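Peer 1: Shown below is the structure under consideration.
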Amino acid sequence: MMYNEEQENYYQKMLANSISSANPCDEAKMKARLLSPSYYEDLKEQLLIKYDGKKLTDIRNASVVSTDYGDTLKITTTEKIDFKIEDNDFKSQINHNLKLLPKIGVKKEENLKNSGYETIESLKAHDAYGDIASKFLERIDDMSFCEIIELLDNNKYSKKCRDNLIKCISLTDRENFKFMDIETKGLSNVPIILIGVSEIKGNKIISSQYFLRDYSEEEAILDGYLSHLDEDSVHVTFNGKSFDVPFIRNRCIYNRIDANLDLPHLDLMYFAKNLWKDQLPNCKLQTIEKELFGLEREGDVPGQYIPGYYDTYLSQNNIGPIVPIIEHNRQDIVSLAGFLERMYEDVN
């Protein structure tokens with residue numbers, strides 16, 4: 001079989017991207033380094049040297065704050081942001097989604113629309129669905145944002161119209177979004193090391209991070225986070241429905257803290273897979289940052305190394321290993337705001 005020059009260049013590039021090739025490229029070498037535990041051991045040693053003798057309050061924007069459960073460390077970062085959610089007249093769009101009514105599925109909706117019933121409003125004149133449509137429209141006008149989210153999320157056909165869960169964010173104030181992420185000592189029944197929450201205030205995004213200086217402060221960092229929530233809050237996370245919020249709830253129970261975490265929740269991991277899976281290698285948070293936003297982190301510490309880094313911080317009384325953990329968490333919660341705005345633009 002004969003190879004032309006284009007094919008040859010393609011195969012050479014493929015080989016260069018493999019660390020096992022004779023002449024791997026710099027990118028392949030870096031990828032291999034970032035997959036190596038020894039790289040993160042070396043990084044930890046460098047951090048211990050760099051921050052030797054430094055205190056937690058030497059971290060930029062860090063201060064000790066009081067909560068109802070004692071003192072803890074809070075890191076507050078303020079950045080400019082251009083976060084716009086243009087009005088999309090969402091309640092009018094709901095009116096066109098006949099599947100929100102009981103006993104109307106995809107096929108039934110298609111048949112009704114072919115018969116001239118384009119909206120729920122028009123169904124008020126239908127013999128079979130008139131009463132249901134009238135009651136639904138009366139209720140929708142008085143529904144809170146939380147109730148609308150619940151209505152859309154619980155509808156059995158919601159996967160067919162999942163975009164509506166992003167479109168409906170125009171119905172709430174952007175100040176209500178709580179972009180949240182946690183770092184933990186493991187996957188279950190262990191303390192939370194760090195809780196971060198970002199909030200939009202005017203043209204700024206303010207990140208508040210509560211760090212566990214030692215194990216006795218977990219109640220304080222939980223209380224610090226809970227102080228940001230009220231009845232209008234909306235959790236915005238990446239895999240937070242399955243992990244972060246249930247984890248916080250369990251730690252609140254363990255620490256005997258009364259907390260209402262039953263809030264509207266937008267887990268952007270599911271929307272990312274729905275919207276972007278065909279244009280990305282995968283739908284991991286940092287892949288989205290790199291491919292869609294041109295952001296590439298430097299000196300980042302992956303989640304699997306965070307417990308070990310935290311142990312070293314405690315055992316050596318050196319803040320070095322936790323500095324990149326705090327930055328990792330801050331970047332996660334700020335990125336979520338960009339993801340949500342981009343998703344809203346895409347679905348509208």
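Peer 1: Once the piece of chain linking Val64 and Lys284 is laid out straight, how much longer is it, given 0.36 nm per residue of separation minus the C-alpha distance between them? List each step's numbers first, then the result.
Peer 2: Values: separation 220, 0.36 × 220 = 79.20 nm, distance 3.33 nm.
Gain on extension, Val64 to Lys284, equals 75.9 nm.
Peer 1: Mind checking Rg over Rh on region 230-348, alpha carbons, Kirkwood formula for Rh? Spell out each step's value before the answer.
Peer 2: Values: Rg = 16.5 Å, Rh = 16.3 Å.
Taking Rh as the inverse mean 1/r over Cα pairs, Rg/Rh reads 1.01.
Peer 1: Specify the inter-centroid distance of region 191-264 and region 130-154, based on alpha-carbon positions, in whole Å.
Peer 2: First find each Cα centre; the distance between them is then 29 Å.
Peer 1: Once the Cβ-Cβ distance between Val106 and Asn260 is put in as r, and R0 is 25 Å, what FRET efficiency do you end up with, to the nearest 0.05?
Peer 2: For Val106 and Asn260, the calculated efficiency is 0.10.
Peer 1: I've got another one for you. Cβ under 14 Å from Leu48's Cβ, Leu48 left aside: what net charge do those residues give with Lys, Arg +1 and Asp, Glu -1?
Peer 2: Numbers: positive: Lys44, Lys50, Lys54; negative: Glu41, Asp42, Glu45, Asp52, Asp311.
Residues close to Leu48 contribute a combined charge of -2.
Peer 1: Still on this model: Simple spin-label model, 7 Å along Cα-to-Cβ: Asp87 to Phe293 in nm?
Peer 2: Calculated label separation equals 2.8 nm.
Peer 1: Further question: Sum up the charges of everything whose Cβ sits under 14 Å from the Cβ of Cys252, counting Lys and Arg as +1 and Asp and Glu as -1, but leave Cys252 out. Please report the intermediate quantities before stating the final value.
Peer 2: Details: positive: Arg249, Arg251, Arg256; negative: Asp68, Glu218, Glu219, Asp223, Asp244, Asp258, Asp262.
Residues close to Cys252 contribute a combined charge of -4.
Peer 1: With a/c under 1.5 counting as rounded, go ahead and sort the chain into rounded, prolate or oblate using the C-alpha gyration tensor (a ≥ b ≥ c being the square roots of the eigenvalues; past the cut-off, prolate if a/b is larger than b/c, else oblate).
Peer 2: It comes out oblate by the Cα gyration axes.
Each value in this text was obtained by applying a stated rule to the coordinates, not by laboratory testing. Quick caveat: nothing in here was measured; it's all calculated off a predicted structure. Here Cβ is always computed from backbone atoms with ideal geometry, including for glycine, and neighbour counts include all displayed protein chains.
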